[in-house]
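Novice: I have a structure here, written as structure tokens, and I will follow up with some questions on it.
The values are calculated or read from the model by the stated rules, or taken from the named source; none is laboratory data. Predicted, not measured: the structure shown is a model, and the values here were computed from it. Backbone-built Cβ (ideal geometry, glycine too); neighbour counts: all protein chains shown. Each accessible area value is taken on the protein alone, full model and side chains, heavy atoms only, with ligands, DNA and RNA left out. Shrake-Rupley method; radii C 1.70, N 1.55, O 1.52, S 1.80 Å.
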Amino acid sequence: MTGFINKKMKDIIDNYAADFTELQSIRKNDWFSKHRKSAFNFFKESGFPNTKNEDWKYTDTKPITKNVFSNISNTNIVARDNEVNEIIFKDLECINLVFINGAYSEEYSDIKNISDKVIIKNMANALVNDENLLKEHLTQHIDQDSSSFTALNTAFIQDGIYINIPKDIDIERPININYISMDGSNAFATHPRNLILMGENSNATIIENYVGNGDSNYFTNSVTETFLSQGAMLKHYKIQQESFNAFHIGSLNTSLSKDSRFESHSVSIGGALVRNNINANLNGEGAEIIMNGLYMTDNAQHVDNHTHVNHLKPHTHSHQNYRGVLNGKSRGVFNGKVVVHPKAQKIEAYQNNANLLLSDDSEIDTKPELEIYADDVKCTHGATVGQLDDDMLFYLRSRAVDEQTARSLLTYAFADEVLNEINFKEIKNKLEQLVISRLPDSSLIREYV
Amino acid sequence: MLNIKDLYTAVENKKILEGLNLSVNAGEVHAIMGPNGSGKSTLANILAGKDGYQVTQGSVTYEDKNLLELSPEERARKGVFLAFQYPVEIPGVNNIYLLKAALNAIRKHKSEPELDAMEFMSLVKEKMKLVQMNEDLLTRSVNEGFSGGEKKRNEVFQMAILEPKLAILDETDSGLDIDALKIVAEGVNSLRNKERAFILVTHYQRLLNYIKPDYVHVLSKGKIIKSGGPELAIELEEKGYDWIH
Ligand SMILES: Nc1ncnc2c1ncn2[C@@H]1O[C@H](COP(=O)(O)OP(=O)(O)OP(=O)(O)O)[C@@H](O)[C@H]1O
Ligand SMILES: [Mg+2]
């Protein structure tokens, strides 16, 4: 961590400290209080990371720290039906969970018709009623020296989702968690916290959808912890479509046991300043993680994707494929780190990052990293940065396609390579439509794909 | 229909065409032959509107208008079609959707009603027979993973659907087996009519056995150095290019 806390940083921390004290005073002292306090102390000592920190070299958090946010959820925000309906899937039956400005909305959530063995409940509720299981797992699947953002989240957890899928259960309906941020009276920060426990050979699909309306200014600081028991399978989708004035720092932490499989698909198109972290520990032989990511940025957006995979056991696999489309003056970062620990022989790690720069002023910093402490491993990594292909553009135009449409079409085709990895048809379609809607001439593109 | 006058072009200051003249009337088929690197594809690309060529002198008119100031898509809508020497693969763009949109853009330009999916598919069925195209190529991405011959056939198939006024075929016969060559030739012949003109770029007299050209031109070092009838192609086949000066 940065260690040195200057005067400005102290003022910033004091703002958070005031909110923390207020929150502690309205909350009764429970088993989790000591975690909150130690997390807050960690945050106080380390402050927000600056660019001298190698992990934050390309992403300056000043825009976030400059703002004063209220960290206490306002439960009085009322959503409108049409706003919520637009966000949740129409043609796909899901278990819908809705949060509005950080607070769980019973009105819009629907946890009916679930096998009673399965637990799905909001975190505020679980913190009170599921102490035993939470004690065992909550904060246990994040790195010991995790970032101060995660510590801040732990200190301020107000709500989120707790999911526990027991042994051999296969939940067919996707669990769709929607974090909706709406214009409030003042700038606010939310700290959603999700805990997902997958029993042996269980199977689930989970969507985390972060949505903001218009140009509202807020800060989402989310943390998800997942634990996969032997043979469990989790398909995880993260859709980041925050408002263009929002800040989003999201960390997905996962521990994988023997023969378990985690599939992550991340689509990041919103936000002013965004950081998506994935930290994965492959703790058992035969564990496998797939990480697909797409980021699309324009104007002055900044999107940073950070992945960190630890191959701790032999015969583990990781497969990463991230693609970026950058326009305007936007900036993208991809930093993928794969660490192969001693004795983790016969592992396979694949990492690729391809970027399309649509403008002269857009910029990408891509840094695939490999640290290998075993000798019998198969690792490949690569990164590319390019522009739209002139020959393809000319071919399309010679077939009567307008220049702008041809550009959008090729941009879409580039992005769609990532979405093609999704085999859940309805989710894939929805994400494709989302991507298309962000491109110029979107209605015309639909004729060609 | 097409009038090229004293055309000089360069790419990155490398001179390619140097005083080319060519005049093509509706209903005619012109074959252009010439050594590698003489500028045949450059000519084809300039006619279709590819970026990156500077025209330093001369003019090109198409239907009495300045062709060079039109964008590639405008030219396509006005009936110019280029069958590429090396058709590019475009992953993620559906072959048949591209063709449908192209056809409708051209029809719209001509103030003809657009075809709906059903009408379009029956047209596709009819034309597919003509070039004996494999049906599963239709739904794939444009040229992606097509064999060399399949790419060429796809170009002719597109031409058959789009029914251009001026079709430029850049070595469409190269890389085709003898059966495919006949099929492609039949495709062209079936489209021949009084309103339509063809420019066939080829290295082989063989093609001209199947498509009888009205004129044969020799392009060398950026200009046409000899023109004649079909017999010129036979002469070239026997003697090569060296004897012409
Ligand atoms: N973009 C470019 N940059 C530089 N040189 C070019 C470019 N395009 C064409 N040339 C050069 O211009 C000349 C003519 O090329 P062109 O492709 O027109 O030849 P061609 O007659 O079609 O040859 P072939 O029979 O081999 O197809 C060649 O020397 C080629 O290298
Ligand atoms: Mg050529």
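Novice: Once you wrap a convex hull around the alpha carbon atoms of the range A:390-449, what is its projected area averaged over all directions, in nm²?
Specialist: 4.0 nm²
Novice: Find the all-direction average of the projected area of the Cα convex hull for chain A, expressing the result in square nanometres with one decimal place.
Specialist: Projected over every direction and averaged, the Cα hull of chain A covers 21.2 nm².
Novice: Let me ask you something else. For every other residue with a beta carbon closer than 14 angstrom to the beta carbon of A:ALA189, add +1 if it is Lys or Arg and -1 if Asp or Glu, then tell me the sum.
Specialist: So the environment of A:ALA189 carries a net charge of -2.
Novice: Return the equivalent ellipsoid semi-axes of the range B:2-244 as a descending list in whole Å, where each equals the square root of 5 times an eigenvalue of the C-alpha gyration tensor.
Specialist: Over the Cα atoms of the range B:2-244, the ellipsoid semi-axes are 29, 21, 17 Å.
Novice: Based on a Kirkwood Rh over C-alpha pairs, give the Stokes-Einstein translational diffusion coefficient of the range B:1-93 at 4 °C and viscosity 1.567 mPa s in µm²/s.
Specialist: 91 µm²/s
Novice: Separate question: How would you rank A:57-65, B:152-160, highest first, on the average number of other Cβ atoms within 10 Å across their residues?
Specialist: By packing density, highest mean first, the sequence is B:152-160, A:57-65.
Novice: Let me ask something else. How long are the semi-axes of the ellipsoid equivalent to the range A:110-203, from square roots of 5 times the Cα gyration tensor eigenvalues, in whole Å, largest first?
Specialist: After scaling each eigenvalue by five and taking roots: 25, 18, 12 Å.
Novice: Between A and B, buried accessible area summed over both sides at probe 1.4 Å, in Å² to the nearest 100?
Specialist: On the way: alone 19230 and 12150 Å², together 29250 Å².
Accessible area lost upon association: around 2100 Å².
Novice: Another question about this same structure. How far apart, in nm, are the 7 Å Cα→Cβ label points at B:TYR210 and B:LYS15?
Specialist: Placing both labels 7 Å along Cα→Cβ, they lie 3.8 nm apart.
Novice: Where is the GNM fluctuation largest for chain A (alpha-carbon springs, 10 angstrom cutoff): A:ASP19, A:ASP304, A:ASP391?
Specialist: Fluctuation is largest for A:ASP391.
Novice: What percentages, rounded to whole numbers, describe P(r) for the range A:100-155 computed over all alpha carbon pairs with 10 Å bin width beginning at zero?
Specialist: It works out to 17, 40, 34, 8, 0, in whole percents.
Novice: Further question: What shape does the range A:363-419 take by its C-alpha gyration tensor, where a ≥ b ≥ c are the square roots of the eigenvalues and a/c under 1.5 counts as rounded, a/b above b/c as prolate, and the rest as oblate?
Specialist: Prolate, because a/c is 1.5 or more and a/b exceeds b/c.
Novice: For A:LEU92 paired with A:ALA187, estimate the spin-label separation in nm (one decimal), with each label point 7 Å from Cα along the Cα-to-Cβ line.
Specialist: Going by the 7 Å Cα→Cβ label model, 3.4 nm.
Novice: Another question, then. Can you grab the distance from the C-alpha centre of the range A:290-341 to the C-alpha centre of the range A:248-276, Å, no decimals?
Specialist: 9 Å
Novice: Where only protein heavy atoms count, and the probe is 1.4 Å, what is the accessible area per residue for the range B:2-244 in Å²? Walk me through the numbers before you get to the answer.
Specialist: Values: 10890 Å² over 243 residues.
It amounts to 45 Å² per residue over the range B:2-244.
Novice: So what is the diffusion coefficient of the range B:162-225 in µm² per second by Stokes-Einstein at 4 °C and 1.567 mPa s, using a Kirkwood Rh over Cα pairs?
Specialist: My calculation gives 103 µm²/s for D.
Novice: Can I ask one more? What would the Debye equation give as log₁₀ I(q)/I(0) for the range A:235-341 at q = 0.17, 0.23 Å⁻¹, counting only Cα atoms as equal point scatterers?
Specialist: -0.73, -1.12
Novice: Take every Cα-Cα distance within the range A:306-449, group them into 10 Å bins from 0 onward, and report for each bin the whole-number percent of pairs it holds.
Specialist: Reading the bins upward from 0: 11, 32, 30, 18, 8, 1.
Novice: Still on this model: Quick one: divide the alpha-carbon radius of gyration of the range A:185-254 by 2.2 N^0.38 Å and tell me what you get.
Specialist: Values: Rg = 14.5 Å, N = 70, 2.2 N^0.38 = 11.1 Å.
Ratio of Cα Rg to 2.2 N^0.38 Å: 1.32.
Novice: Which ³J(HN,Hα) values, rounded to whole Hz and listed in residue order, are derived for the range A:356-361 from phi using the Karplus coefficients 6.51, -1.76 and 1.60 in 6.51 cos²θ - 1.76 cosθ + 1.60 with θ = phi - 60°, glycine and proline given as x?
Specialist: Computed from phi, the couplings for the range A:356-361 are 10, 9, 8, 9, 6, 8 Hz.
Novice: Rounded to a whole number, what % of the accessible area of the protein assembly as shown do carbon and sulfur atoms account for, probe 1.4 Å?
Specialist: The nonpolar share, carbon plus sulfur, comes to 46 percent.
Novice: Excluding ligands, DNA and RNA, what is the solvent-accessible area per residue of the range A:67-389 at a probe of 1.4 Å, expressed in Å²? Provide the component values of the computation, followed by the final result.
Specialist: Working: 11700 Å² over 323 residues.
About 36 Å² of surface per residue is accessible.
Novice: Tell me, what is the 1.4 Å probe accessible area of A:LYS121, in Å² to the nearest 10?
Specialist: About 50 Å², rounded to the nearest 10.
Novice: So, one more: Just to confirm my numbers, what's the Cα centroid distance between the range B:123-194 and the range B:210-240 in Å?
Specialist: Computed from Cα coordinates, the inter-centre distance equals 24 Å.
Novice: I would also like to ask the following. Kyte-Doolittle cut-off 0.0, length cut-off 18 Å along the helix's own axis using Cα: show which whole DSSP H helices in chain B pass.
Specialist: Counting only whole DSSP H runs, the qualifying helices are B:95-109, B:117-131, B:178-191.
Novice: I've got another one for you. Quick one: grab the alpha carbon gyration tensor of the range B:81-214, order the square roots of its eigenvalues as a ≥ b ≥ c, and give me rounded if a/c is under 1.5, else prolate or oblate depending on whether a/b is larger than b/c.
Specialist: Verdict is oblate for the range B:81-214.
Novice: Here's something else I'd like to know. Over the range B:196-243, consider all pairs of different Cα atoms and compute the Kirkwood hydrodynamic radius from their mean reciprocal separation; express it in Å, one decimal.
Specialist: By the Kirkwood definition, the hydrodynamic radius is 11.2 Å.
Novice: Could you state the number of Å between the C-alpha centres of the range B:61-81 and the range A:95-118?
Specialist: Cα centroid to Cα centroid, the span is 59 Å.
Novice: Please compute the length gained on full extension between A:ILE26 and A:GLN404, using 0.36 nm multiplied by the number of residues separating them and subtracting their Cα-Cα distance.
Specialist: Extra length from A:ILE26 to A:GLN404 when fully extended: 130.5 nm.
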